[in-house]
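The next block holds one structure in the form of structure tokens; read it before the comments.
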Amino acid sequence: MTVRLRAHHLLCLLTFVGKGYTPAFTAHYRRLVARLNEGEAVELVEGPDDICAPMLAEPEHHCRNASVVRRDALARAEIAGLLGRPLDTGRAIALTAERVEQMRWAFAKGAIRTACAGCQWSAFCTETAGEGFARTRFAGSAISPSGGCRTPD
Ligand code: SF4
């Protein structure tokens, strides 16, 4: 199994403290984070992903908006540059604790946050990073991730 994620959610994961749009959304998000921390790999997707899933029944929600698709493109480019690897759609990526530390460092410096412009959570995420991510739940996997039939790298 893999967790299907759109690119900008690689950023949002870093500052997830258990809050979100609805109780169902946050409960689902917590389960996904636990799976990632236990070593499940990520498959990058275009558009709505496993985090979006509980919100997709709401026609007004932003998951399919063009502005969010742009957010994905910006995050994909900056994170790929940071990690020194392409973030191709459909490719599995291992979110190791080492990579999460690398992303946290860059996020806190503002080096991979172009995608955050205009986001309603931006001040919260800045504050969370400023606290050294102390309240966050996503730490990455300490073990080699599994990616089903795909080999994560
Ligand atoms: S500011 Fe918005 S896009 Fe950026 S990490 Fe926070 S929730 Fe995600």
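Data for the structure
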{"read-out": "Pairs, first over 21 Å from residue 41 (Cβ atoms) and of a type in the set (S, T, N, Q) in segment 96-125, second open to solvent by 40 Å² or more (accessible area, probe 1.4 Å) and within 12 Å of the ligand (Cβ to nearest atom), C-beta under 8 Å, six or more apart", "value": "114/74; 114/78"}
{"read-out": "Residue in segment 16-39 that is nearest to residue 103 (Cα to Cα), counting only those that are within 16 Å of the ligand (Cβ to nearest atom) and assigned to a loop (DSSP other than H, G, I, E, B)", "value": "16"}
{"read-out": "Among the residues listed as 64, 31, 4, 35, the single one being more than 26 Å from residue 152 (Cα to Cα) and charged (D, E, K, R)", "value": "64"}
{"read-out": "Restricting segment 127-153 to residues that are more than 17 Å from the chain's Cα centre (by Cα) and not in a loop (DSSP other than H, G, I, E, B), the residue that is modelled with the lowest pLDDT", "value": "146"}
{"read-out": "Selection from segment 17-44 of residues that are closer than 15 Å to residue 95 by Cα and hydrophobic (A, V, I, L, M, F, W, C)", "value": "32, 33, 34, 36, 41, 42, 44"}
{"read-out": "Residues located in segment 1-15, provided they are open to solvent by 10 Å² or more (accessible area, probe 1.4 Å) and either part of a loop (DSSP other than H, G, I, E, B) or within 15 Å of the ligand (Cβ to nearest atom) (or both)", "value": "1, 8, 9, 12"}
{"read-out": "Enumeration of residues in segment 1-32 that are under 21 Å from residue 107 (Cβ atoms), basic (Lys, Arg) and either at pLDDT 95 or above or within 8 Å of the chain's Cα centre (by Cα) (or both)", "value": "6, 30"}
{"read-out": "Matching option when the condition is open to solvent by 30 Å² or more (accessible area, probe 1.4 Å), assigned to a helix (DSSP H, G or I), without any contact (Cβ under 8 Å) to a residue 40 or more places away in the chain and over 25 Å from residue 127 (Cα atoms), among 54, 59", "value": "54"}
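The values are calculated or read from the model by the stated rules, or taken from the named source; none is laboratory data. This one's a predicted model, so the numbers in the text were calculated from it and none came from an experiment. Because the Cβ atoms are built from the backbone with ideal geometry, glycine has one as well, and the counts that use them run over all protein chains shown. Ligands, DNA and RNA are excluded from the accessible area calculation, which covers all protein heavy atoms including side chains. Shrake-Rupley method; radii C 1.70, N 1.55, O 1.52, S 1.80 Å.
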